[in-house]
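Read the structure below first, then the notes.
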Amino acid sequence: MQARMTNPAYVLPAALKGIGSIFQAIGEGGLPAELAEIVGLRASQINGCSACVHGHTANLRKAGASEERIAAVAAWRKAPFFTDAERAALQLAERMTRLADRSEEPVPDALWDEVAGHFDEKELSALILTVSVTNMFNRLNTTIKEPAGTTWG
């Protein structure tokens, strides 16, 4: 399988520079890297982005995440492998990703309060940006049919 075109982030160098700045800011937020990969994996699963699912899975393995945790991300509600903070982050990631799937408020106050109870403002900012950037890349990659196994950087 081959992509339809070069990833737009590479075609337009200013875009890649901006994305790099966002990733730098996320890194400064103090969000645990494994959690960032878990929420990225979940958003990518929802969006059907094979390139990102592959990438997040590979990153989780490199970080030492257990195969049980990686395999259970899609069914996190019923799996015992996640902390309360991770569950809150996964719930937020799903709500942020499925904006059009609901008739009620996308991120209700009760969820916001739960997430904010687990993360300080910097970590919460990094979490929100991580999910947002993941959704952007999911949309880019599914549009250009970026194949699983693609490496960037």
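Throughout, read-outs are computed from the coordinates displayed, never taken from laboratory work. Predicted, not measured: the structure shown is a model, and the values here were computed from it. Note that we place each Cβ from the backbone using ideal geometry, even for glycine, and neighbour counts take in every protein chain shown.
Applying 1/(1 + (r/R0)^6) with R0 = 41 Å to the Cβ-Cβ distance of residue 142 and residue 66 gives a FRET efficiency near 0.90.
A DSSP coil position with no more than 16 other Cβ atoms inside 10 Å describes the following GluC sites (Glu not before Pro) in segment 21-121: 28, 104.
Backbone amide hydrogens, once placed in the peptide plane, bring residue 148 within less than 5 Å of 51, excluding anything fewer than 5 places away on its chain. Computed from backbone phi with θ = phi - 60° and the Karplus coefficients 6.51, -1.76 and 1.60, the 3J(HN,Hα) list for segment 114-129 is 5, 5, 5, x, 9, 10, 6, 4, 5, 5, 5, 4, 5, 4, 4, 5 Hz; x is used for glycine and proline.
Available extension along the chain between residue 107 and residue 12 is 30.9 nm, counting 0.36 nm per residue and deducting the alpha carbon span. Cα centroids of segment 88-139 and segment 1-78: how far apart, whole angstrom? Segment 88-139 and segment 1-78 have Cα centres separated by 15 Å.
Rounded, prolate or oblate: which one fits segment 1-88, using the alpha carbon gyration tensor with axes a ≥ b ≥ c (rounded when a/c is under 1.5, else prolate when a/b beats b/c, else oblate)? Oblate is the answer for segment 1-88, as a/c is 1.5 or above yet b/c matches or exceeds a/b. If only the Cβ of Lys and Arg carry +1 and only the Cβ of Asp and Glu carry -1, the dipole of the chain around its Cα centre is close to 780 debye. Each other residue within a Cβ distance under 13 Å of residue 9 adds +1 if Lys or Arg and -1 if Asp or Glu, for a net charge of +1.
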